[in-house]
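Input: a single structure, listed below in C-alpha coordinates.
The values are calculated or read from the model by the stated rules, or taken from the named source; none is laboratory data. Model, not experiment: these values are computed from the prediction. Every residue, glycine among them, receives a Cβ derived from its backbone with ideal geometry; neighbour counts consider all protein chains shown.
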(Lines give C-alpha, C1' and ligand atoms only; values in the text may rest on other atoms or scores of the structure.)
Protein backbone atom coordinates (compact mmCIF):
# COMPACT_ATOMS: atom_id res chain seq x y z
CA UNK A 1 0.00 0.00 0.00
CA UNK A 2 1.25 3.51 -0.83
CA UNK A 3 2.78 5.36 2.09
CA UNK A 4 0.58 8.41 1.35
CA UNK A 5 -2.59 6.33 1.71
CA UNK A 6 -1.32 4.86 4.99
CA UNK A 7 -0.52 8.36 6.23
CA UNK A 8 -4.02 9.63 5.37
CA UNK A 9 -5.76 6.65 7.01
CA UNK A 10 -3.69 6.90 10.18
CA UNK A 11 -4.22 10.66 10.32
CA UNK A 12 -7.99 10.26 10.08
CA UNK A 13 -8.02 7.60 12.80
CA UNK A 14 -5.82 9.64 15.13
CA UNK A 15 -7.89 12.79 14.53
CA UNK A 16 -11.10 10.91 15.25
CA UNK A 17 -9.65 9.38 18.41
CA UNK A 18 -8.38 12.73 19.68
CA UNK A 19 -11.78 14.27 18.97
CA UNK A 20 -13.54 11.55 20.95
CA UNK A 21 -11.16 11.98 23.90
CA UNK A 22 -11.64 15.76 23.88
CA UNK A 23 -15.39 15.35 23.72
CA UNK A 24 -15.26 12.88 26.60
CA UNK A 25 -13.64 15.40 28.91
CA UNK A 26 -15.17 18.56 27.42
CA UNK A 27 -16.77 21.01 29.79
CA UNK A 28 -20.47 21.01 29.09
CA UNK A 29 -20.99 23.95 31.49
CA UNK A 30 -24.14 22.37 32.87
CA UNK A 31 -25.97 22.44 29.53
CA UNK A 32 -28.26 19.47 29.06
CA UNK A 33 -29.88 20.39 25.73
CA UNK A 34 -28.16 23.02 23.54
CA UNK A 35 -31.09 23.03 21.12
CA UNK A 36 -33.51 23.84 23.93
CA UNK A 37 -31.24 26.66 25.09
CA UNK A 38 -31.15 28.13 21.61
CA UNK A 39 -34.94 27.93 21.41
CA UNK A 40 -35.30 29.77 24.72
CA UNK A 41 -32.82 32.38 23.53
CA UNK A 42 -34.80 33.06 20.35
CA UNK A 43 -38.06 33.27 22.32
CA UNK A 44 -36.57 35.76 24.79
CA UNK A 45 -35.37 37.97 21.93
CA UNK A 46 -38.78 37.80 20.29
CA UNK A 47 -37.45 36.46 16.99
CA UNK A 48 -39.38 34.05 14.85
CA UNK A 49 -37.20 31.26 13.49
CA UNK A 50 -37.73 27.77 12.22
CA UNK A 51 -36.39 24.71 13.97
CA UNK A 52 -33.81 24.27 11.20
CA UNK A 53 -32.45 27.81 11.68
CA UNK A 54 -32.23 27.29 15.43
CA UNK A 55 -30.38 24.02 14.99
CA UNK A 56 -27.96 25.53 12.45
CA UNK A 57 -27.20 28.36 14.88
CA UNK A 58 -25.50 25.87 17.20
CA UNK A 59 -21.78 25.25 17.05
CA UNK A 60 -20.28 22.44 14.96
CA UNK A 61 -19.35 20.58 18.14
CA UNK A 62 -22.94 20.51 19.43
CA UNK A 63 -24.40 19.59 16.06
CA UNK A 64 -21.92 17.01 14.76
CA UNK A 65 -19.09 15.99 17.08
CA UNK A 66 -21.08 15.43 20.29
CA UNK A 67 -23.78 13.27 18.58
CA UNK A 68 -21.07 11.25 16.79
CA UNK A 69 -19.23 10.66 20.06
CA UNK A 70 -22.44 9.61 21.80
CA UNK A 71 -23.27 7.25 18.95
CA UNK A 72 -19.77 5.74 19.09
CA UNK A 73 -20.14 5.37 22.84
CA UNK A 74 -23.51 3.64 22.44
CA UNK A 75 -21.95 1.17 20.02
CA UNK A 76 -19.11 0.54 22.45
CA UNK A 77 -21.59 -0.01 25.28
CA UNK A 78 -23.16 -2.90 23.39
CA UNK A 79 -19.93 -4.87 23.85
CA UNK A 80 -19.44 -3.79 27.47
CA UNK A 81 -20.75 -5.91 30.38
CA UNK A 82 -23.55 -4.42 32.45
CA UNK A 83 -21.46 -4.72 35.60
CA UNK A 84 -18.74 -2.56 34.02
CA UNK A 85 -21.32 0.07 33.06
CA UNK A 86 -22.65 0.21 36.60
CA UNK A 87 -19.13 0.54 37.99
CA UNK A 88 -18.39 3.34 35.53
CA UNK A 89 -21.54 5.23 36.50
CA UNK A 90 -20.64 4.74 40.15
CA UNK A 91 -17.11 6.08 39.63
CA UNK A 92 -18.38 9.09 37.71
CA UNK A 93 -20.74 9.80 40.60
CA UNK A 94 -17.88 9.50 43.10
CA UNK A 95 -15.82 11.87 40.98
CA UNK A 96 -18.56 14.49 41.26
CA UNK A 97 -19.81 14.15 37.65
CA UNK A 98 -16.77 16.01 36.25
CA UNK A 99 -17.61 18.31 33.35
CA UNK A 100 -20.88 16.61 32.52
CA UNK A 101 -19.16 13.28 31.84
CA UNK A 102 -21.42 10.33 31.04
CA UNK A 103 -20.67 6.59 30.78
CA UNK A 104 -21.24 6.79 27.02
CA UNK A 105 -18.67 9.55 26.52
CA UNK A 106 -16.28 7.92 28.97
CA UNK A 107 -16.23 4.62 27.09
CA UNK A 108 -15.99 6.50 23.80
CA UNK A 109 -12.91 8.25 25.18
CA UNK A 110 -11.36 4.96 26.30
CA UNK A 111 -11.81 3.28 22.93
CA UNK A 112 -10.80 6.46 21.13
CA UNK A 113 -7.57 6.75 23.11
CA UNK A 114 -6.74 3.10 22.49
CA UNK A 115 -7.39 3.34 18.74
CA UNK A 116 -5.49 6.61 18.45
CA UNK A 117 -2.38 5.32 20.21
CA UNK A 118 -2.46 2.07 18.21
CA UNK A 119 -2.76 3.90 14.90
CA UNK A 120 -0.02 6.38 15.81
CA UNK A 121 2.40 3.64 16.89
CA UNK A 122 1.60 1.58 13.81
CA UNK A 123 2.42 4.55 11.61
CA UNK A 124 5.64 5.38 13.49
CA UNK A 125 6.87 1.78 13.38
CA UNK A 126 5.95 1.47 9.69
CA UNK A 127 7.87 4.52 8.48
CA UNK A 128 10.78 4.37 10.94
CA UNK A 129 14.11 2.71 10.24
CA UNK A 130 13.88 0.43 13.29
CA UNK A 131 14.81 -3.08 12.21
CA UNK A 132 12.36 -5.01 14.36
CA UNK A 133 10.37 -8.08 13.49
CA UNK A 134 6.63 -7.76 13.02
CA UNK A 135 6.04 -9.85 16.12
CA UNK A 136 7.92 -7.37 18.30
CA UNK A 137 6.12 -4.45 16.67
CA UNK A 138 2.74 -6.04 17.30
CA UNK A 139 3.62 -6.65 20.96
CA UNK A 140 4.64 -3.00 21.39
CA UNK A 141 1.45 -1.77 19.70
CA UNK A 142 -0.74 -4.05 21.84
CA UNK A 143 0.95 -2.97 25.09
CA UNK A 144 0.59 0.74 24.37
CA UNK A 145 -2.99 0.21 23.14
CA UNK A 146 -3.89 -1.33 26.48
CA UNK A 147 -2.14 1.58 28.19
CA UNK A 148 -4.22 4.06 26.20
CA UNK A 149 -7.38 2.14 27.02
CA UNK A 150 -6.70 2.36 30.77
CA UNK A 151 -5.43 5.96 30.88
CA UNK A 152 -8.98 7.46 31.18
CA UNK A 153 -9.70 4.97 33.99
CA UNK A 154 -6.57 6.11 35.84
CA UNK A 155 -7.51 9.76 35.38
CA UNK A 156 -11.00 9.10 36.74
CA UNK A 157 -9.61 7.29 39.78
CA UNK A 158 -7.23 10.19 40.37
CA UNK A 159 -10.17 12.60 40.23
CA UNK A 160 -12.04 10.49 42.80
CA UNK A 161 -9.07 10.49 45.18
CA UNK A 162 -8.59 14.26 44.84
CA UNK A 163 -12.27 14.90 45.52
CA UNK A 164 -12.30 12.66 48.58
CA UNK A 165 -9.13 14.29 49.95
CA UNK A 166 -10.65 17.74 49.42
CA UNK A 167 -13.80 16.76 51.30
CA UNK A 168 -11.77 15.12 54.07
CA UNK A 169 -9.69 18.28 54.55
CA UNK A 170 -12.67 20.66 54.47
CA UNK A 171 -14.93 18.65 56.77
CA UNK A 172 -13.55 19.80 60.20
CA UNK A 173 -13.78 23.50 59.26
CA UNK A 174 -17.26 22.98 57.84
CA UNK A 175 -18.37 21.29 61.07
CA UNK A 176 -17.03 24.26 63.05
CA UNK A 177 -19.11 26.62 60.95
CA UNK A 178 -22.15 24.34 61.29
CA UNK A 179 -21.69 24.31 65.07
CA UNK A 180 -21.46 28.11 65.28
CA UNK A 181 -24.55 28.56 63.10
CA UNK A 182 -26.61 26.03 65.07
CA UNK A 183 -25.57 27.54 68.40
CA UNK A 184 -26.52 30.97 67.05
CA UNK A 185 -30.08 29.77 66.51
CA UNK A 186 -30.15 28.54 62.92
CA UNK A 187 -31.58 25.18 61.99
CA UNK A 188 -29.41 22.47 60.51
CA UNK A 189 -30.66 23.21 56.98
CA UNK A 190 -29.90 26.90 57.43
CA UNK A 191 -26.43 26.06 58.72
CA UNK A 192 -25.75 23.93 55.62
CA UNK A 193 -27.00 26.82 53.49
CA UNK A 194 -24.43 29.09 55.18
CA UNK A 195 -21.63 26.62 54.40
CA UNK A 196 -22.80 26.44 50.81
CA UNK A 197 -22.89 30.24 50.64
CA UNK A 198 -19.50 30.95 52.24
CA UNK A 199 -17.35 28.31 50.53
CA UNK A 200 -16.84 26.99 47.04
CA UNK A 201 -15.50 23.45 47.25
CA UNK A 202 -16.73 19.90 46.83
CA UNK A 203 -18.19 19.74 50.34
CA UNK A 204 -20.17 22.95 49.99
CA UNK A 205 -21.48 21.79 46.60
CA UNK A 206 -22.58 18.52 48.21
CA UNK A 207 -24.41 20.46 50.94
CA UNK A 208 -26.10 22.53 48.26
CA UNK A 209 -27.31 19.42 46.48
CA UNK A 210 -28.68 18.06 49.75
CA UNK A 211 -30.63 21.29 50.29
CA UNK A 212 -32.08 21.17 46.78
CA UNK A 213 -33.13 17.56 47.27
CA UNK A 214 -34.83 18.46 50.57
CA UNK A 215 -36.67 21.31 48.84
CA UNK A 216 -37.90 18.84 46.23
CA UNK A 217 -39.45 16.67 48.93
CA UNK A 218 -36.80 14.15 49.91
CA UNK A 219 -36.38 13.42 53.60
CA UNK A 220 -33.34 14.96 55.23
CA UNK A 221 -31.90 11.66 56.42
CA UNK A 222 -32.26 10.14 52.95
CA UNK A 223 -30.62 13.16 51.32
CA UNK A 224 -27.74 13.02 53.80
CA UNK A 225 -27.25 9.28 53.26
CA UNK A 226 -27.22 9.80 49.51
CA UNK A 227 -24.57 12.49 49.97
CA UNK A 228 -22.50 10.03 52.03
CA UNK A 229 -22.80 7.44 49.25
CA UNK A 230 -21.73 9.98 46.62
CA UNK A 231 -18.58 10.87 48.58
CA UNK A 232 -17.82 7.42 50.08
CA UNK A 233 -15.37 8.24 52.85
CA UNK A 234 -15.54 6.99 56.43
CA UNK A 235 -15.52 10.51 57.91
CA UNK A 236 -18.63 11.54 56.00
CA UNK A 237 -20.37 8.27 56.83
CA UNK A 238 -19.71 8.80 60.55
CA UNK A 239 -20.91 12.40 60.37
CA UNK A 240 -24.16 11.50 58.58
CA UNK A 241 -24.85 8.63 60.99
CA UNK A 242 -24.39 10.96 63.98
CA UNK A 243 -26.71 13.59 62.48
CA UNK A 244 -29.42 11.03 61.67
CA UNK A 245 -29.24 9.50 65.16
CA UNK A 246 -29.36 12.96 66.75
CA UNK A 247 -32.49 13.77 64.75
CA UNK A 248 -34.18 10.49 65.66
CA UNK A 249 -33.25 10.48 69.38
CA UNK A 250 -33.73 14.19 70.01
CA UNK A 251 -30.14 14.84 71.14
CA UNK A 252 -28.83 18.42 71.02
CA UNK A 253 -27.58 19.07 67.50
CA UNK A 254 -24.91 21.57 68.61
CA UNK A 255 -23.30 19.06 70.99
CA UNK A 256 -23.23 16.38 68.32
CA UNK A 257 -21.68 18.78 65.80
CA UNK A 258 -19.03 19.93 68.29
CA UNK A 259 -18.05 16.33 69.10
CA UNK A 260 -17.94 15.47 65.41
CA UNK A 261 -15.79 18.54 64.67
CA UNK A 262 -13.26 17.50 67.33
CA UNK A 263 -13.14 13.92 66.01
CA UNK A 264 -12.74 15.07 62.40
CA UNK A 265 -9.87 17.36 63.36
CA UNK A 266 -8.14 14.47 65.13
CA UNK A 267 -8.62 12.25 62.10
CA UNK A 268 -7.24 14.95 59.80
CA UNK A 269 -4.15 15.31 61.98
CA UNK A 270 -3.66 11.55 62.07
CA UNK A 271 -3.96 11.37 58.28
CA UNK A 272 -1.33 14.12 57.95
CA UNK A 273 1.00 12.26 60.30
CA UNK A 274 0.49 9.04 58.33
CA UNK A 275 1.41 10.77 55.06
CA UNK A 276 4.46 12.32 56.73
CA UNK A 277 5.63 8.86 57.81
CA UNK A 278 5.12 7.53 54.27
CA UNK A 279 7.22 10.32 52.73
CA UNK A 280 10.67 8.73 53.33
CA UNK A 281 9.56 5.48 51.72
CA UNK A 282 8.14 7.30 48.69
CA UNK A 283 11.38 9.26 48.35
CA UNK A 284 13.50 6.11 48.01
CA UNK A 285 12.65 5.47 44.37
CA UNK A 286 13.47 8.96 42.99
CA UNK A 287 16.56 9.13 45.18
CA UNK A 288 17.81 5.74 44.01
CA UNK A 289 17.08 6.40 40.34
CA UNK A 290 17.87 10.10 39.96
CA UNK A 291 20.05 11.34 42.81
CA UNK A 292 22.38 8.48 43.78
CA UNK A 293 23.70 7.81 40.22
CA UNK A 294 24.55 11.49 39.83
CA UNK A 295 26.38 11.51 43.17
CA UNK A 296 28.34 8.38 42.21
CA UNK A 297 29.38 9.93 38.91
CA UNK A 298 30.52 13.15 40.62
CA UNK A 299 32.35 11.42 43.47
CA UNK A 300 33.84 8.41 41.70
CA UNK A 301 34.33 9.95 38.25
CA UNK A 302 37.70 11.63 39.02
CA UNK A 303 38.94 8.49 40.78
CA UNK A 304 38.02 6.38 37.75
CA UNK A 305 39.88 8.76 35.43
CA UNK A 306 43.00 8.58 37.62
CA UNK A 307 42.87 4.78 37.68
CA UNK A 308 42.60 4.67 33.89
CA UNK A 309 45.72 6.88 33.59
CA UNK A 310 47.69 4.88 36.16
CA UNK A 311 49.73 1.72 35.67
CA UNK A 312 46.72 -0.36 36.74
CA UNK A 313 44.70 1.09 33.91
CA UNK A 314 47.49 0.39 31.45
CA UNK A 315 47.42 -3.32 32.36
CA UNK A 316 43.82 -3.59 31.10
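Looking only at the range 244-269, how many residues end up being in contact (Cβ under 8 Å) with a residue 24 or more places away in the chain, surrounded by 17 or more Cβ atoms within 10 Å (Cβ to Cβ) and closer than 18 Å to residue 185 by Cβ?
So the answer is 4.
Just to be sure before I move on: is residue 177 surrounded by 15 or more Cβ atoms within 10 Å (Cβ to Cβ) and not assigned by TED's automatic domain parsing to the domain that holds residue 94 in the structure I sent?
Numbers: surrounded by 15 or more Cβ atoms within 10 Å (Cβ to Cβ): yes; not assigned by TED's automatic domain parsing to the domain that holds residue 94: yes.
Yes: the conditions hold for residue 177.
Under the condition of being without any contact (Cβ under 8 Å) to a residue 12 or more places away in the chain and part of a helix (DSSP H, G or I), which residue from the range 180-206 is surrounded by the most Cβ atoms within 10 Å (Cβ to Cβ)?
180
Which residues, counting only those in the range 86-111, are loosely packed, with under 15 Cβ neighbours inside 10 Å and in a loop (DSSP other than H, G, I, E, B)?
Matches in the range 86-111: 97 only.
What about residue 212, is it free of Cβ contacts under 8 Å to residues at least 12 places away in the same chain, under 25 Å from the mean Cα position of the chain (by Cα) and either closer than 29 Å to residue 160 by Cβ or surrounded by fewer than 15 Cβ atoms within 10 Å (Cβ to Cβ) (or both)?
yes
To keep it simple, each residue is scored yes or no on (1) assigned by TED's automatic domain parsing to the domain that holds residue 97; (2) over 16 Å from residue 168 (Cα atoms); (3) assigned to a helix (DSSP H, G or I).
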site: 214; (1), (2), (3): no, yes, yes
site: 226; (1), (2), (3): no, yes, yes
site: 238; (1), (2), (3): no, no, yes
site: 246; (1), (2), (3): no, yes, yes
site: 251; (1), (2), (3): no, yes, no
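With loosely packed, with under 15 Cβ neighbours inside 10 Å and over 24 Å from the mean Cα position of the chain (by Cα) as the only criterion, which of 126, 158 stands out?
126
Being in the same structural domain as residue 224 (by TED's automatic domain parsing) and either closer than 30 Å to residue 258 by Cα or touching a residue at least 12 places away in the same chain (Cβ under 8 Å) (or both) is the requirement here; does residue 125 meet it?
Numbers: in the same structural domain as residue 224 (by TED's automatic domain parsing): no; either closer than 30 Å to residue 258 by Cα or touching a residue at least 12 places away in the same chain (Cβ under 8 Å) (or both): yes.
No: the conditions fail for residue 125.
From the list 271, 303, 276, pick out the single residue that is in contact with a helix residue (DSSP H, G or I) (Cβ under 9 Å, 6 or more places away or on another chain) and in a helix (DSSP H, G or I).
Going through 271, 303, 276 in turn, just one is in contact with a helix residue (DSSP H, G or I) (Cβ under 9 Å, 6 or more places away or on another chain) and in a helix (DSSP H, G or I): 271.
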